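The values are calculated or read from the model by the stated rules, or taken from the named source; none is laboratory data. A quick note: this is a predicted structure, and the numbers were derived from the prediction, not measured. Note that we place each Cβ from the backbone using ideal geometry, even for glycine, and neighbour counts take in every protein chain shown.
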Amino acid sequence: MFQMLVPYLVPAIEISIISAVLYYLLSFFWNTRAMDLALGVVVFLTLFLIVSWLHFPVLQRLMHSFVSVSMIAMLIIFQPELRLALSKLSVKGKKYEKLTEFDRFLEGLTNSVYRFSEKRIGALILLENQDTLDEFATRAIMLNSQFSSELLESLFLSSSPLHDGAVIIRGTTILAAAAILPLADDSSQISRAMGTRHRAALGITQLTDALSIVISEETGKVSIARDGIMTRGVKMDRFKGILRSIFNPPKSEIVAKFSLQEWLKSWKEM
């Protein structure tokens, strides 16, 4: 029975494959300059069929010669469009498109921080961890806005009325701006070149488990403070590594933490 259906199945499969390829090509090249080329090819094929049907030998030879040259020209002229079309079929390309929300946040934050550093724009950014920072956020200007590099950078412009204090970030949300933080009591880690911004960055980490990011207006150096310890002159790769290790733990660690919380909850209910 199956062998009897094979002669009918093969043409059906071939037609389906050809239809899918044509649909992909048309949807990709629609409203682009390559679409004009596709219409030109259709017109050329129509003319070729007419010339063949009327038996014009000279025109047939000219058209054959034109086709051999135009194929090479098409590959050269439309190289960018062809490269983009093939990249969409690439498995590797799709793999790297799947970025997590934290990856996007980290990339945006890193770019902003090191743009501040390059332009020597003073900034103080506070990343909330387990300890809540509502006490400081409520006394600041509440924003509750989704993080974006553009918003963060606009807050620290000298023309902005919010540039003096700290920006508090909770998760991937800019919680508040112009926050006033307590200054460090022990200033042994603060050099003369550092001012109030660095003392505030260190002081809040002596009271909470938050992570402070401070950019020096004088030198442009990026410093990170955590648990009352300040690390100065942090480079971009190390910056990403520190934040990823603190705020994006491995999945196994998250599962273990969740399991422990569930066990404690069930134990209390007993």
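If you take the residues of segment 42-56 that are assigned to a helix (DSSP H, G or I) and out of contact with any helix residue (DSSP H, G or I) (no Cβ under 9 Å at 6 or more places or on another chain), which of them is modelled with the lowest pLDDT? Once the filter is applied, the top-ranked residue is 42.
When residues in segment 203-249 are screened for being charged (D, E, K, R), closer than 13 Å to residue 129 by Cβ and in contact with a strand residue (DSSP E or B) (Cβ under 7 Å, 6 or more places away or on another chain), 1 of them pass. Filtered by the rule that a residue be in contact with a Ser or Thr (Cβ under 8 Å, 6 or more places away or on another chain) and charged (D, E, K, R), segment 145-175 gives a lone residue, 153. Screening the candidates 177, 193, 200, 184 for the property of being modelled with pLDDT under 90, buried (at least 18 other Cβ atoms within 10 Å of the Cβ) and on the phi < 0 side of the Ramachandran plot yields one hit, 184. Answer yes or no: is there a residue in segment 121-136 that is in a loop (DSSP other than H, G, I, E, B), surrounded by fewer than 20 Cβ atoms within 10 Å (Cβ to Cβ) and small (Gly, Ala, Ser). Within segment 121-136, one or more residues are in a loop (DSSP other than H, G, I, E, B), surrounded by fewer than 20 Cβ atoms within 10 Å (Cβ to Cβ) and small (Gly, Ala, Ser).
Within the option set 183, 207, 126, 157, being hydrophobic (A, V, I, L, M, F, W, C) and closer than 21 Å to residue 102 by Cβ holds for one residue only, 126.
Reported count of residues in segment 206-237, each being in contact (Cβ under 8 Å) with a residue 24 or more places away in the chain and either crowded, with 23+ Cβ neighbours inside 10 Å or in a strand (DSSP E or B) (or both), is 11. It is to be established whether one or more residues within segment 142-164 are out of contact with any Lys or Arg (no Cβ under 6 Å at 6 or more places or on another chain), in a strand (DSSP E or B) and on the phi > 0 side of the Ramachandran plot. Taking every residue of segment 142-164 in turn, at least one turns out to be out of contact with any Lys or Arg (no Cβ under 6 Å at 6 or more places or on another chain), in a strand (DSSP E or B) and on the phi > 0 side of the Ramachandran plot. All told, residue 155 meets the bar of being surrounded by 19 or more Cβ atoms within 10 Å (Cβ to Cβ), out of contact with any helix residue (DSSP H, G or I) (no Cβ under 7 Å at 6 or more places or on another chain) and without any contact (Cβ under 8 Å) to a residue 40 or more places away in the chain.
Can you confirm whether segment 165-181 contains a residue that is of a type in the set (Lys, Arg), part of a strand (DSSP E or B), touching a residue at least 40 places away in the same chain (Cβ under 8 Å) and over 14 Å from residue 230 (Cβ atoms)? It would help to see each step written out before you state the result.
Initial filter on segment 165-181 (of a type in the set (Lys, Arg)): 170.
From what is left, the residues that are part of a strand (DSSP E or B) are 170.
So of that shortlist, the ones also touching a residue at least 40 places away in the same chain (Cβ under 8 Å) come out as 170.
Right, trim to over 14 Å from residue 230 (Cβ atoms) and you get 170.
Checked against the condition, which is being of a type in the set (Lys, Arg), part of a strand (DSSP E or B), touching a residue at least 40 places away in the same chain (Cβ under 8 Å) and over 14 Å from residue 230 (Cβ atoms), segment 165-181 yields at least one hit.
Out of curiosity, is residue 233 on the phi > 0 side of the Ramachandran plot and either modelled with pLDDT of 90 or more or more than 23 Å from the chain's Cα centre (by Cα) (or both)? So that I can check it myself, show each step before the final result.
Values: on the phi > 0 side of the Ramachandran plot: yes; either modelled with pLDDT of 90 or more or more than 23 Å from the chain's Cα centre (by Cα) (or both): yes.
Yes: the conditions hold for residue 233.
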